[in-house]
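The values are calculated or read from the model by the stated rules, or taken from the named source; none is laboratory data. Just so it is clear, the model here is predicted, and its values are computed rather than measured. Every residue, glycine as well, gets a Cβ built from its backbone with ideal geometry; the counts of neighbours run over all protein chains shown.
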Amino acid sequence: MEIGDANTALGNSTMLGVAAGDSNTVVGYRAGVSTQQTILRNTAIGALATVGRSDVIVLGSVPGENTATRGVVVGIATINPQRKLHIVDETPAGISSNANRSLVLEKNGIPNYINFLNTNAESGILFGVAGAPGGSANGGILYNNPSFAQGLVMRTGAMPTAC
C-alpha cells in the first residue's frame, strides 16, 4: 500500500499494488484488492482474499482473482461446511445436503424457519433465469404482494397467482 490512513495488513505480501485507500483491513497471504482505484472501508480475510470496491467484506479466495484457483465455503457453528454457506443452529441434524444447494440451514429435532421481516412491504423468495423475461425475478413466492395484501402469491413469469 503506497498511500492511505488507518489501514491494517497482516500476512506475507498483503495489500500489494494498492495506490490509495483508507480504513482497509486485509489478513492472509497475498490478501488485497483487485483495483488501482482508491478503496475505502474494506475487509479481506484469508489467503488470496480480494475485494474489488469500497465497503466490502470478503471471506476467502475467489477463483480467477488474485491467482486463486479455488473458492472457499463458510461455516457458522460447524467445522465441516458442506456448501458455500452452511449454518448450524444448536446440534447438527446429521443429514447430508443436496449437492446443488448453495445455502444449508441445519437444525436438529425442532422446526427450522427463514424469517423475512419488513415494515408492511412485500417480501419473499425470487427465482431468475439469465436471459429470460423478468431476469432475476421471473418467478417467486411472495407475501404481502400489493395485489394480495397479507396473502401468499406464487409468481411465474409476470403473472401472480394467489394461493
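Data for the structure
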quantity	calculated
T67 vs. criteria surrounded by fewer than 15 Cβ atoms within 10 Å (Cβ to Cβ), β-branched (V, I, T) and either touching a residue at least 24 places away in the same chain (Cβ under 8 Å) or outside any loop (DSSP other than H, G, I, E, B) (or both)	yes
Breaking point among (1) farther than 30 Å from K107 by Cα; (2) over 21 Å from the mean Cα position of the chain (by Cα); (3) not in a strand (DSSP E or B), for T91	(1)
Qualifying residues in the stretch 80-102 (those that are modelled with pLDDT of 90 or more and aliphatic (A, V, I, L, M)) - the one farthest from G21 (Cα to Cα)	V88
Evaluation of A47 against (1) exposed (fewer than 15 other Cβ atoms within 10 Å of the Cβ); (2) among the hydrophobic types (A, V, I, L, M, F, W, C); (3) closer than 30 Å to T14 by Cα (one fails), failing number	(1)
Any hit, the stretch 124-137, residues being part of a loop (DSSP other than H, G, I, E, B) and touching a helix residue (DSSP H, G or I) at 6+ places or on another chain (Cβ under 7 Å)	yes
Subset tally (residues that are at pLDDT 90 or above and more than 13 Å from G60 (Cβ to Cβ)) for the stretch 25-49	4
